[in-house]
Every structure is written in C-alpha cells, then in structure tokens.
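Asks: Before I ask anything, here is the structure I am working with.
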Amino acid sequence: MIRIHLLGLLLLINCNSINLRLVTSQEIIKEVRSYKGDKAVLVNVWATWCKPCIEEFPMIVDLEKSEKKLKVIFISADFLENKIDAERFLVQQGLEEYSYIKNQKDQSFIDGLHEDWTGALPFTILFAKNTGKVVDYWEGKKSKKKFLEAIDKSIKM
C-alpha cells in the first residue's frame, strides 16, 4: 500500500515538472534563427531573486498564449544550484514545455545575446518574424503596452 502511494506521489511530481535545459547564448541565437519566417521571437532573461522579473512574468506568458505568431523563450539567470527554485517557479506559472537556465559565464552570456545589454534584469529582446533581426530590446520591467507595441512590430517585420 505504501509503495502505491509513493509511486503515485512520484508520478504527480513528474507530471508537474518542467525540463529546464542548460543553454549558452549561442544556442539561444541558433534557436531564435530556427523560427525565422514562422514566428517573431521574444527572449526574456529573468531570475527567481529578481522582483521585477517575477512581476512581469505572468503577463509575458499570457502574451504568448494570445499571440499565435509569437514564440517566447525564457532564460533563467539563476545560479545552477538554484535550478530547483527556477523549475518550481516555472511550474507555478503554468509553463508546460521546456525552458532554459544559462550555463555560461555572465559576461560572455550577456555579450552573446546583445552587445548593449549591461546585464540588468529583466532583459527582453525581440526578433523579427521575417528577417530574424533584433527589432527592440530593453532592460527592466516594462508595461504591457510596451510589450504589445514591440511584438506587433516584430510580427510585421
């Protein structure tokens, strides 16, 4: 009887988990390019310890759900030893597919995503649907209106 309950608990835990993959900036850029011609791509770098990141996160999730021509890629900037905290947060946000956690030294990761990024979080960058080029980027928490304007521009380009 105890084995059955333990097995059920393990299955429940596995059903509510997310695959948080290790990633470098080069791998992210490669994935962004794979959507060229199909979807605009919004990359958001966040961390569990970053209050503005946590505050804007649900809004970004909702934007992806409501916009069929948008792919959102979330990258946790948490340290690898905090991977479980990041996974737990992603599950609480209702993400069901894989997401990423950076596996690269901070400065090389920052420089690899965008040369003007200072490393401040959250960091958001949008890539155009048809050209794959950077349309807009910003540091810090922004309004839904800012996101919608940048997404619209990204989809049209």
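The values are calculated or read from the model by the stated rules, or taken from the named source; none is laboratory data. Computed from a prediction, not measured in an experiment: that's the story for all the values here. Please note: Cβ atoms are built from the backbone with ideal geometry, for glycine as well, and neighbour counts cover all protein chains shown.
Asks: Within the range 15-38, how many residues are under 23 Å from Trp117 (Cα atoms) and out of contact with any Leu (no Cβ under 6 Å at 6 or more places or on another chain)?
Replies: Result for the range 15-38: 15.
So that you can scan it fast, the table gives a plain yes or no per residue for (1) over 15 Å from the mean Cα position of the chain (by Cα); (2) under 21 Å from Glu27 (Cβ atoms):
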residue: Ile101; (1), (2): no, yes
residue: Gly119; (1), (2): yes, yes
residue: Pro122; (1), (2): no, yes
residue: Asn130; (1), (2): yes, no
residue: Ser143; (1), (2): yes, no
residue: Asp152; (1), (2): yes, no
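Asks: Another one. Looking at the range 68-83, which of its residues are buried (at least 18 other Cβ atoms within 10 Å of the Cβ) and either over 16 Å from Lys156 (Cα atoms) or modelled with pLDDT under 95 (or both)?
Replies: Selection gives Val72, Ile73, Phe74, Ile75, Ser76, Ala77, Asp78.
Asks: For the range 68-93, enumerate the residues that are out of contact with any Lys or Arg (no Cβ under 9 Å at 6 or more places or on another chain) and of a type in the set (Asp, Glu).
Replies: Within the range 68-93, Glu81, Asp85, Glu87 meet the criteria.
Asks: Considering the range 142-157 alone, what residues qualify as being surrounded by fewer than 18 Cβ atoms within 10 Å (Cβ to Cβ) and either among the charged types (D, E, K, R) or in contact (Cβ under 8 Å) with a residue 24 or more places away in the chain (or both)?
Replies: Lys142, Lys144, Lys145, Lys146, Leu148, Glu149, Asp152, Lys153, Lys156, Met157, listed by residue number.
Asks: Taking the stated definitions as given, is Ala86 surrounded by 14 or more Cβ atoms within 10 Å (Cβ to Cβ) and within 15 Å of Val43 (Cα to Cα)?
Replies: Spelling it out, it is not the case that Ala86 is surrounded by 14 or more Cβ atoms within 10 Å (Cβ to Cβ) and within 15 Å of Val43 (Cα to Cα).
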